[in-house]
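A short worksheet on the structure shown next.
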Amino acid sequence: MIPLQFYLIVAAILFCLGLFGALARRNAVAILMGIELMLNAVNINLVAFWRYVKPAAPTMDLAGQIFALFVVTLAAAEAAIGLALIIAIYRSRDTVNVEDVDLMKW
Amino acid sequence: MPILVPDINLRIIAPALIVTVTAIVVLLGELVTPAERKRWLGYLSIAGLVVAAFAAFSLWGANASGFSGMVVADNFGLFLTLTIALSAALSILLSIPFIHAHEIDQGEYYVLLLASVAGMIVMATATDLIVIFLGLELLSLPLYILAAFQREDTRSLEAGIKYFLLGAFSSAFFLYGIALVFGATGTTNLAKIAASLAQSAGSPMLSIGVGLLMVGFAFKVALVPFHWWTPDVYDGAPTTVTAFMSVAVKAAAFGAFFRTFQFALPALALDWRAVAAVLAVLTMTLGNVAALLQSNVKRMLAYSSIAHAGYILIALVAMSANGLSSALFYLLAYTVTNLGAFGAVIALSDGARERLEIKDFAGAAREHPLVALALTICLLSLAGFPPFAGFVGKFLIFGAAVETGWAWLAVIGVLNSLVSVYFYLRPVVQMYMSEPAEGWSGIRVAPLVALALLIAVISVIALGVFPAPAIALAAGGLIR
């Protein structure tokens, strides 16, 4: 069986890629995509931990899997709201570049 | 494969349920309400919040948990529920005339606000990291939209998108932290995490997870260095939304923050208390110093809210029963005081034209003596002057810190309060000492705003002069 560490390393790399995307890109949609990558890294972690780490209580503990489903739902809700906001700002400013959205100083 | 059915105990989540049902009723009512009667949806929302508050009060002392230990109705969570319901009701009172004047009076405003309140209540009463996360997102997602609710105003849109991007970014960190804690302990239940950590030593993975959890909470309650979204979002969002966000989010997020760290992670206290102490010092100092430099009242109150998050964090560092109850009292005091300050700012605005620069307040005392007095009382309370609520709150928190051997932290807190007096008094000086500016004539304060302001100011004075009942309630709020 593939050891747990491999999953964790993949998840960490994915998280860092998403983090880099969220910090380095200036396009709001690209930032959103970076955040989605970070959330998916969390999902890999959750499912891997659920499979490998024995839960404290000897019941059929599905916490890891259920949690991953919650995260998927959240990612969908976040994308819906985020894209709606991005469209709204595109209509008023004709840009989705976060550096141009600077009426207030950061 | 047997699947355990959780014990469904709807009574425990009654406050959140009532708020959710109210939100759905308002959403449906929006369809059949003609444009000129939209304010009734606001009254309906307030009625729902009052019923939810009664439900929370009827659970007082029940100390019951349900849904396989995922949600609990302890006095700590109920106190926060009451605080959140109060802040939402006062915000809606302020909002009804405000959104009418700004021509954004749609029923969705109340629906989103109530949905956010439901998330806050869930977060404050959750005892499982999954549910805390669920509450956090249910709280945040409607607020992203509310911040951008003035669609015609680009500043409001900008506030919404900044809040959204940074909020989503921080929840990714928070989630990664939860995943690592889950991996290290094999559970997401706070009580089981505490039990598991009491037996085994921590691992590097656990420490990273706890650190990321702290980053997630720090984003939500706006601790330095995770605060940079706060001034822009608070500045750009509609003033009533800012008022609501600045108090209610803090109550809910600090509730979960205290529960997670003080209750589930006491085994690692040596590490996170030191980090939290450093964050508290940075947050108080930077919040107050930056507030000195602001000329806009909303931005000033934004930085002041950062500073107040620092004061409340001192109570977490103290990590004692007194620290917990002092934080609860402080959150209540801060809620009524800050809503009063924002209410006065809204009361001084001229229809859709708001007065947000400090120099715009010149001479307000001559034209609106009562509103000016209310703003003065609230600002003095924020600065921590007796006999107002803010003084008692600071006194309790600094007292709890001294008791547990963190006197130096309390000293820094007191020094910071002294600095804050300067910027809190600037609008007061403008109102009382300057010649009236142009355009004061003919401004009427809306009756609902006046009512909200009256409730807030009476609470500020009552909590300051007779704090004993509220302190007793807060002291009963131990986490179970």
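Brief remarks on what is shown
- Restricted to the range B:369-400, and to residues there that are outside any helix (DSSP H, G or I) and of a type in the set (A, V, I, L, M, F, W, C), the residue that is nearest to the chain's Cα centre (by Cα) is B:Phe388.
- Those residues of the range B:278-324 which are open to solvent by 10 Å² or more (accessible area, probe 1.4 Å) and hydroxyl-bearing (Ser, Thr, Tyr), in sequence order: B:Thr285, B:Ser295, B:Tyr303, B:Ser320
- Test: residue in the range B:30-39 that is at pLDDT below 95, among the aliphatic types (A, V, I, L, M) and touching a Leu at 6+ places or on another chain (Cβ under 7 Å): no
- Condition met for B:Thr240 (among the β-branched types (Val, Ile, Thr) and in a helix (DSSP H, G or I)): yes
- Residue in the range B:338-354 that is over 21 Å from the mean Cα position of the chain (by Cα) and in a helix (DSSP H, G or I) present: yes
- Subset of the range A:86-99 [open to solvent by 60 Å² or more (accessible area, probe 1.4 Å) and touching a residue at least 24 places away in the same chain (Cβ under 8 Å)]: A:Glu99
- Residue match in the range B:11-23 (condition: touching a strand residue (DSSP E or B) at 6+ places or on another chain (Cβ under 8 Å), open to solvent by 30 Å² or more (accessible area, probe 1.4 Å), among the basic types (Lys, Arg) and away from every other protein chain (no Cβ under 14 Å)): yes
- The listed residue being crowded, with 24+ Cβ neighbours inside 10 Å and either within 28 Å of B:Ile455 (Cα to Cα) or among the basic types (Lys, Arg) (or both), out of B:Leu80, B:Leu86: B:Leu80
- Subset of the range B:363-396 (residues that are over 28 Å from B:Gly310 (Cβ atoms) and open to solvent by 10 Å² or more (accessible area, probe 1.4 Å)): B:Ala365, B:Arg366, B:Glu367, B:His368, B:Pro369, B:Leu370, B:Val371, B:Leu373
- In the range B:154-168, of all residues being surrounded by fewer than 24 Cβ atoms within 10 Å (Cβ to Cβ) and without any contact (Cβ under 8 Å) to a residue 12 or more places away in the chain, the one that is farthest from A:Met38 (Cα to Cα) corresponds to B:Thr154.
- Restricting attention to the range B:209-237, the residues that are of a type in the set (Gly, Ala, Ser) and more than 17 Å from the chain's Cα centre (by Cα) add up to 3.
- The numbered conditions (1) in a helix (DSSP H, G or I); (2) at the interface with chain B (Cβ under 8 Å from one of its Cβ atoms); (3) touching an Asp or Glu at 6+ places or on another chain (Cβ under 9 Å) are all true for A:Glu36 except (2).
- The single residue among A:Ile2, A:Ile9 that is farther than 20 Å from A:Val72 by Cβ, assigned to a helix (DSSP H, G or I) and open to solvent by 20 Å² or more (accessible area, probe 1.4 Å) turns out to be A:Ile9.
- 1 or more residues facing another protein chain (nearest Cβ under 7 Å) and of a type in the set (S, T, N, Q): qualifying helices (runs of 4 or more DSSP H) within the range B:150-222: B:154-185, B:190-199
- A:Leu46 meets all of the listed conditions (1) within 11 Å of the chain's Cα centre (by Cα); (2) surrounded by 20 or more Cβ atoms within 10 Å (Cβ to Cβ) but one, namely (1).
- Qualifying residue in the range A:77-85 (condition: within 11 Å of the chain's Cα centre (by Cα) and either at the interface with another protein chain (Cβ under 9 Å from one of its Cβ atoms) or open to solvent by less than 60 Å² (accessible area, probe 1.4 Å) (or both)): yes
The values are calculated or read from the model by the stated rules, or taken from the named source; none is laboratory data. Since we're looking at a predicted model, the values are computed, not measured. Neighbour counts are summed over all protein chains in view; Cβ atoms, including those assigned to glycine, are modelled from backbone coordinates with ideal geometry. Side chains are part of the model used for accessible areas, which takes the heavy atoms of the whole protein and leaves out ligands, DNA and RNA. Shrake-Rupley method; radii C 1.70, N 1.55, O 1.52, S 1.80 Å.
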